[in-house]
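The structure appears right after this line, and notes come after that.
The values are calculated or read from the model by the stated rules, or taken from the named source; none is laboratory data. This one's a predicted model, so the numbers in the text were calculated from it and none came from an experiment. Here the Cβ is made from the backbone with ideal geometry for all residues, glycine too, and neighbour counts use every protein chain on show.
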Amino acid sequence: MSAILLDGKKLSDKIKSEIRNETEILRSKNKKLPALSTILVGNNPASETYVNMKIRACESVGIKSKLLRLSEKTGTGELIDEIGKLNEDDDIHGILLQHPCPPQIDERKAFDFIDWRKDVDGVTTVSFGKLSMGEKTFIPCTPAGIMLLLREYGINVSGKHAVVVGRSAILGKPVGMLLLNENATVTICHSKTEKLDTIIREADIVVGAVGKPEFIRAEWIKKGAVLLDAGYNKGNIGDIEISQAAAKSSFYTPVPGGVGPMTIAVLLRQTLDSLKENFTPDGL
Ligand code: NAP
């Protein structure tokens, strides 16, 4: 049987269309609309691009967006004061601190000042703790997007061996926890892992979360494995050597158009959910 492409573009369009319908109903009833506040510290050009993309995405589905620009010289104290004001603001439902901040900022301290009930990007320690304990909370957007794709295509991970390559706080660790919560047997690999190829050869599910082009070789992939590639490298290349690996898999995400588009869709979904005090996208 030929491999099935996990179409993240199609699913993200469906999610965005559902959000648009919901905000139109709120608007027609003169109810409060969801609002996302994005904080941008400094002038990093890549961050500017990401923030603009998120603002346009909000507008496209009827979510209000508010951009708070802070100077390159902002200190942790000043940033935390601003986050505190947004925590208290009843008209703001989601807070997103664009990463990376300038080096003088204690980014972990700043993230952890965000009220977890407005942490629609899933970056706080509280959110991670709740996620790990299987409690309702907001989830880092890319891992949540991966789980929604699995669900959409009816892929049951229970009892399967999932190998996650990468252990970052926003991607590798949380996706590992989410797979574990769904009863997968999870191995999380990192730069010190020995015999990575041997581990991947045993995997029923492989998650690429490394940030190195085609790092996971097709020859390591077991026949029928599910391939989920979160990596996004220059030239639209993922972390898995998908041109060769797709044919061996049962399901695979393309790059682009797989995991990538799900990230913003989840951010928008969680912002609307925050207004409704409904944590976790679609009850994940
Ligand atoms: P990151 O913070 O740089 O983490 C990379 C991880 O890869 C680290 O845990 C690192 O291990 C591990 N690693 C590095 N070299 C390795 C090796 N030789 N063998 C095994 N593991 C190795 O990156 P990230 O933020 O998680 O992002 C990873 C990728 O996902 C990037 O391509 C990024 O662009 C993409 N991404 C996409 C989205 C999206 O919206 N689609 C969102 C987030 C990230 P150590 O911990 O030991 O250093």
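Rundown of residues vs (1) assigned to a strand (DSSP E or B); (2) in contact with a Phe, Trp or Tyr (Cβ under 8 Å, 6 or more places away or on another chain), yes/no style:
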| residue | (1), (2) |
| --- | --- |
| L180 | no, no |
| I199 | no, no |
| V207 | yes, no |
| S243 | no, no |
| V266 | no, no |
| F279 | no, yes |
| D282 | no, no |
**Report entry** Condition met for L149 (in contact (Cβ under 8 Å) with a residue 60 or more places away in the chain and either under 20 Å from G8 (Cα atoms) or more than 11 Å from the ligand (Cβ to nearest atom) (or both))
**Finding:** yes
Report task. Name, by its number, the condition in (1) touching an Asp or Glu at 6+ places or on another chain (Cβ under 9 Å); (2) not β-branched (V, I, T); (3) not assigned by TED's automatic domain parsing to the domain that holds I105 that does not hold for G62. Result -> (3)
Query raised in the report: Given (1) farther than 21 Å from V157 by Cα; (2) within 12 Å of the ligand (Cβ to nearest atom); (3) of a type in the set (G, A, S), where does A230 come up short, assuming only one miss?
Result: (1)
Query raised in the report: Only one of L284, L268 is away from the ligand (no atom under 11 Å from the Cβ), in contact with a helix residue (DSSP H, G or I) (Cβ under 7 Å, 6 or more places away or on another chain) and at pLDDT 95 or above; which?
Result: L268
Query - Extreme residue, surrounded by the fewest Cβ atoms within 10 Å (Cβ to Cβ), among residues of region 194-219 that are within 14 Å of the ligand (Cβ to nearest atom) and free of Cβ contacts under 8 Å to residues at least 24 places away in the same chain - result: E194
